[in-house]
Amino acid sequence: MSTPEHDLSNILRDNLLAVQARVASACVASGRVAGCVQLLAVSKTFSADDVRQVAACGQHDFGENYIQEGVDKIIALQDSQPALVWHCIGPMQSNKTKLVAEHFDWAHTVDRLKIAQRLSDQRPAHLSPLNVCLQVNIDGGETKSGIASADVLALAAEVAKLPRLVLRGLMTIPDPVNGFDAQVAVHAKTRALFDDVKAALNLPHFDTLSMGMTGDLEAAVHAGSTMVRVGTAIFGGRAYPV
């Protein structure tokens, strides 16, 4: 039995409010200023209508892992929700960079100069430069995407030169670890790397640490995250195609 639309709207609103409260509490607990951490609602596998209902509650930033699916939603909502900000947070192959460059506002998963160059070359002139983050494999996970920590500074220096991109910061998806202190320790490595890059390159817009999800957002905020990516706690569990 499907959930009536008004009930679904209430559920999404209550979920969003609960996540916002978690982020606010995490800021207080870590001695950080309220409002310093941005919430990115991860809407992969959910419909454009679900996004519309969450947007109606005041959420502006949405993250998509699957590029074509994200583009379809962006197009579906561009007339009714023109103020939404769209973030590509999934893997990006060379044959998909044009879609990202033409439709998204942010790309969080840049880990090769080739990808960055294509994004810059393919960014339409009528759009503002694309905001990008470098994805770092901060814990060395064998199955994880991202550049090694030792190579971040060199890549950042090259990406910062590209004319149609703005290098905004770093993004990580570490493997899950048990316990708050262990989670903080992993995220603290990214914060330290971020500080090193910022000091070395003195980039004026390098201000974003995209780290922390539903299960570890409190630890990420404690370690210095400026943007947490939350999907399940807002939209609910996902049903993936078999």
Could you tell me whether any residue of region 43-65 is without any contact (Cβ under 8 Å) to a residue 24 or more places away in the chain, more than 20 Å from SER145 (Cβ to Cβ), touching an Asp or Glu at 6+ places or on another chain (Cβ under 9 Å) and surrounded by fewer than 22 Cβ atoms within 10 Å (Cβ to Cβ)? yes
Touching a strand residue (DSSP E or B) at 6+ places or on another chain (Cβ under 9 Å), at pLDDT below 95 and surrounded by fewer than 15 Cβ atoms within 10 Å (Cβ to Cβ): does that describe PRO91? yes
Among the residues of region 209-225, is any closer than 19 Å to ASP139 by Cα, free of Cβ contacts under 8 Å to residues at least 40 places away in the same chain and of a type in the set (Asp, Glu)? no
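To keep it simple, each residue is scored yes or no on (1) on the phi < 0 side of the Ramachandran plot; (2) buried (at least 20 other Cβ atoms within 10 Å of the Cβ); (3) touching a Pro at 6+ places or on another chain (Cβ under 7 Å); (4) without any contact (Cβ under 8 Å) to a residue 60 or more places away in the chain.
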position: ILE138; (1), (2), (3), (4): yes, yes, yes, yes
position: GLU142; (1), (2), (3), (4): yes, no, no, yes
position: ASP151; (1), (2), (3), (4): yes, no, no, yes
position: LEU170; (1), (2), (3), (4): yes, yes, no, yes
position: ASN178; (1), (2), (3), (4): yes, no, no, yes
position: ASP181; (1), (2), (3), (4): yes, no, no, yes
State yes or no: is GLN20 assigned to a loop (DSSP other than H, G, I, E, B), within 30 Å of PRO91 (Cβ to Cβ) and at pLDDT 95 or above? no
Screening ASP181, ASP207 for residues that are more than 18 Å from ARG112 (Cβ to Cβ) and in contact with a strand residue (DSSP E or B) (Cβ under 7 Å, 6 or more places away or on another chain) leaves only ASP207
Identify, from the list ALA125, ALA101, ALA76, the residue that is surrounded by fewer than 17 Cβ atoms within 10 Å (Cβ to Cβ), assigned to a helix (DSSP H, G or I) and of a type in the set (Gly, Ala, Ser). ALA76
Filter result for SER9 (surrounded by fewer than 21 Cβ atoms within 10 Å (Cβ to Cβ), in a helix (DSSP H, G or I), at negative phi and touching a Cys at 6+ places or on another chain (Cβ under 9 Å)): yes
Strands (runs of 3 or more DSSP E) wholly inside region 157-242 containing at least 3 residues that are at pLDDT 95 or above and touching a helix residue (DSSP H, G or I) at 6+ places or on another chain (Cβ under 9 Å): 165-171, 227-230
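The values are calculated or read from the model by the stated rules, or taken from the named source; none is laboratory data. All values derive from a computational prediction rather than experimental measurement. With ideal geometry, Cβ positions are generated from the backbone for all residues, glycine too; neighbour counts draw on all protein chains shown.
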